[in-house]
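Every read-out reported here was derived from the displayed coordinates using simple, explicitly stated rules and does not represent laboratory data. Everything numeric here is computed off the predicted structure, so don't read it as measured data. Positions of Cβ are backbone-derived with ideal geometry, glycine not excepted, and every protein chain shown enters the neighbour counts.
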């Protein structure tokens, strides 16, 4: 009996070691929206009043407090700007998360993601370090490159959509600067885009190095980046800097999660870090619960269609013709345009395409 119980305990421990036991949710920041779906208001005609857009903060608080009570691990948010349509309405994750940490007890808050080409890297490093101290280490850092043309270009950076190579170059130099600021007591950086500090006189001496004040509370900083197209250059860059990856979510990912997970594991191994499949990764899935499959599909169909209306023009829906793309903006034509259905979307191999990375 004692041997049997001992073997059962060992088996249970082995199973638990291989199970996903920590769950979070990613909230892109949509306010409650009426008249959605293919027959609903066209995306480019939707413009919500300020009062409705500002409800995002109460909604975020309610979600975070519910997750905290239920034992979730992390609340992930997304940084976005200028979305009068109401789909993604959180412009400053770190400010929001400092507040949410004060009205919750234990849940952590993940940045998915701070779009680095829209920031000066040292301001982002300072803001994260400040938030890290104010929340007692409950914020997880994450950086992305930025595909929304309206957002990135309006804030002075190149977007992946219009200037992919320039975006990558700026992003990678920004990462280098942030890593120096986090990990060195004093540092200097003289690159193509950033010069910190410049060689100028200051209080009787010439600047040679500066220090981030404060540096983060917890070092090394845990940093996540989305794995979008999964090209090898991006994977190598992430592993080189000790980043962890996120597969899935609003931007999608090409090749399917199993293939990307295998390539990620192989990239880690090439750098000398052996992990099991899925190590140093977050997998992002859309889930809706109901009593039956039909009931679940009926409940989310209009949200699926609204999501397609928003993301297809940004390049995230495979195989649409020009006519179908045009019909998405016309409630009178959309239903008869042969657009992908929710049922088709749930079949393996059908879904959202990846952006470049």
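Listing 46, 263 from fewest to most neighbouring C-beta atoms within 10 Å gives 263, 46. Neighbour counts of C-beta atoms inside 10 Å place 130, 135, 21 in the sequence 21, 130, 135, starting with the fewest. Counting every other Cβ atom within 10 Å of each residue's Cβ, 53, 177 order from fewest to most as 53, 177.
Reported to the nearest whole Å, the Cα centre-to-centre distance from the range 190-242 to the range 157-180 is 12.
Mean residue ellipticity, 222 nm, helices only, the chain: the sum of -39500 (n - 2.57) across DSSP H runs of n ≥ 4, divided by residue count and rounded to 500, is -12000 deg cm²/dmol. Beta bridges from DSSP with both residues in the chain: antiparallel share about 20 percent, rounded to the nearest 5. Once you have a ≥ b ≥ c as the square roots of the Cα gyration tensor eigenvalues for the range 24-288, tell me rounded if a/c is under 1.5, and otherwise prolate or oblate according to whether a/b is larger than b/c. Rounded is the answer for the range 24-288, as its axis ratio a/c remains below 1.5.
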